[in-house]
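Taking it in order: structure first as structure tokens, then the write-up.
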């Protein structure tokens, strides 16, 4: 595989493009906004510089990686030569279905279509295409250049050959792929999100404060960051979306999102991306300050 396209240039999209380019693939990065694409390229260059400083890659690898990435706001143009398209748009089912309908019309026969979705059914996404056997989930973890895991999700109709190609490609990217079947939340978020939701309930019910909950999980369970800080990092809106998928998919009240989480997202407090969540995030500062309403 030599040519890939990535749809969406946000945090996940630019990270995925970065990793593909770093490992020798030509990447077409697609977004609806030129401004978003310029921002993505700046982020990729900054992250490559960080890798050079740490000795992970050479300056020559950085230069070659950047040269392998092209950008466009025209999907048809961006995917015309792609052997694989990875969709990394917002976690919204209507948007993803729209994108895959378009991809079905403008990609060459045999092109593998992957979604970086963290919870939405691959079988549902594949159902709007003429070749559901070519549709698969390729769920990277954030930050993509650092995290080793790729959750490879087989839809109901995904072929064995497509699954093996994506497993092998993931390995060539220096990742560890894990194959799972297509059920709500897959594996990673089916286990992670109830834990985060329970941590929010623990705060909501006044059992302990933000720092206390996170400290207990970091020191007691050897987690690198506490569940409330992790929720802020993921995005509280994303956490809410995934919990709703789990709740709707299984019909089990244990997945019902905590009312505190619902209120915070409604109020625009989405974590790191908005500057406010369970913690406050000041530009340029690495200090974590518990949000005023919880302190």
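The values are calculated or read from the model by the stated rules, or taken from the named source; none is laboratory data. As the structure is a prediction and not an experimental result, all values here were calculated from the model. We place every Cβ from the backbone using ideal geometry, glycine too, and count neighbours over all the protein chains shown.
Can you tell me which residue within the stretch 48-65, out of those that are in contact with a helix residue (DSSP H, G or I) (Cβ under 6 Å, 6 or more places away or on another chain) and surrounded by 13 or more Cβ atoms within 10 Å (Cβ to Cβ), is nearest to residue 103 (Cα to Cα)?
Quick first cut of the stretch 48-65, residues in contact with a helix residue (DSSP H, G or I) (Cβ under 6 Å, 6 or more places away or on another chain) only: 48, 52, 57, 59, 62, 65.
From what's left, surrounded by 13 or more Cβ atoms within 10 Å (Cβ to Cβ): 48, 52, 57, 62, 65.
On the way: 48: 30, 52: 35, 57: 34, 62: 30, 65: 26 Å.
Only one residue fits best here, namely 65.
Test residue 129 against the criterion of being surrounded by 19 or more Cβ atoms within 10 Å (Cβ to Cβ) and farther than 21 Å from residue 11 by Cα, and give yes or no.
yes
Identify the residue in the stretch 92-119 that is surrounded by 20 or more Cβ atoms within 10 Å (Cβ to Cβ) and at pLDDT below 95 and, among all such residues, is farthest from residue 249 (Cα to Cα).
This residue is 118.
I'm trying to understand the selection: among the residues of the stretch 278-289, which are touching a strand residue (DSSP E or B) at 6+ places or on another chain (Cβ under 9 Å) and either surrounded by fewer than 14 Cβ atoms within 10 Å (Cβ to Cβ) or under 10 Å from residue 237 (Cβ atoms) (or both)?
Here is the first cut: in the stretch 278-289, the residues touching a strand residue (DSSP E or B) at 6+ places or on another chain (Cβ under 9 Å) are 278-282, 288-289.
Across the stretch 278-289, the qualifying residues are 282, 289.
If you take the residues of the stretch 232-241 that are in contact with a strand residue (DSSP E or B) (Cβ under 6 Å, 6 or more places away or on another chain) and part of a helix (DSSP H, G or I), which of them is surrounded by the most Cβ atoms within 10 Å (Cβ to Cβ)? Reasoning before the result, please.
Initial filter on the stretch 232-241 (in contact with a strand residue (DSSP E or B) (Cβ under 6 Å, 6 or more places away or on another chain)): 232, 235-236.
From what's left, part of a helix (DSSP H, G or I): 232, 236.
Working: 232: 28, 236: 30.
So the residue we want is 236.
In a loop (DSSP other than H, G, I, E, B), in the same structural domain as residue 25 (by TED's automatic domain parsing), within 16 Å of the chain's Cα centre (by Cα) and within 27 Å of residue 43 (Cβ to Cβ): does that describe residue 152?
Details: in a loop (DSSP other than H, G, I, E, B): no; in the same structural domain as residue 25 (by TED's automatic domain parsing): yes; within 16 Å of the chain's Cα centre (by Cα): yes; within 27 Å of residue 43 (Cβ to Cβ): yes.
The answer is no for residue 152.
Kindly check whether there is at least one residue in the stretch 37-52 that is assigned by TED's automatic domain parsing to the domain that holds residue 137 and in contact with a strand residue (DSSP E or B) (Cβ under 6 Å, 6 or more places away or on another chain). Working first, answer last.
Going through the stretch 37-52, the residues assigned by TED's automatic domain parsing to the domain that holds residue 137 turn out to be 37-52.
Of the ones still in play, those that are also in contact with a strand residue (DSSP E or B) (Cβ under 6 Å, 6 or more places away or on another chain) are 37.
Yes: the stretch 37-52 contains one or more residues that are assigned by TED's automatic domain parsing to the domain that holds residue 137 and in contact with a strand residue (DSSP E or B) (Cβ under 6 Å, 6 or more places away or on another chain).
Which residues, taken from the stretch 190-213, are over 25 Å from the mean Cα position of the chain (by Cα) and closer than 17 Å to residue 256 by Cβ?
202, 203, 204, 205
Do we have residue 113 as outside any loop (DSSP other than H, G, I, E, B) and under 20 Å from residue 27 (Cβ atoms) here? If you could, list the steps in order and put the result at the bottom.
Numbers: outside any loop (DSSP other than H, G, I, E, B): yes; under 20 Å from residue 27 (Cβ atoms): yes.
So residue 113 passes the test.
If you go through the stretch 242-268 one residue at a time, how many are closer than 25 Å to residue 116 by Cβ and in a loop (DSSP other than H, G, I, E, B)?
Selection size over the stretch 242-268: 2.
Somewhere in the stretch 172-189, is a residue in contact with a helix residue (DSSP H, G or I) (Cβ under 6 Å, 6 or more places away or on another chain), in contact (Cβ under 8 Å) with a residue 24 or more places away in the chain and either surrounded by fewer than 17 Cβ atoms within 10 Å (Cβ to Cβ) or in a helix (DSSP H, G or I) (or both)? Walk me through it before giving the result.
As a first pass, look at the stretch 172-189 and keep what is in contact with a helix residue (DSSP H, G or I) (Cβ under 6 Å, 6 or more places away or on another chain): 173, 177, 182, 184-185, 189.
When the remaining residues are screened for being in contact (Cβ under 8 Å) with a residue 24 or more places away in the chain, the result is 173, 177, 182, 184-185, 189.
Subset that is either surrounded by fewer than 17 Cβ atoms within 10 Å (Cβ to Cβ) or in a helix (DSSP H, G or I) (or both): 189.
Taking every residue of the stretch 172-189 in turn, at least one turns out to be in contact with a helix residue (DSSP H, G or I) (Cβ under 6 Å, 6 or more places away or on another chain), in contact (Cβ under 8 Å) with a residue 24 or more places away in the chain and either surrounded by fewer than 17 Cβ atoms within 10 Å (Cβ to Cβ) or in a helix (DSSP H, G or I) (or both).
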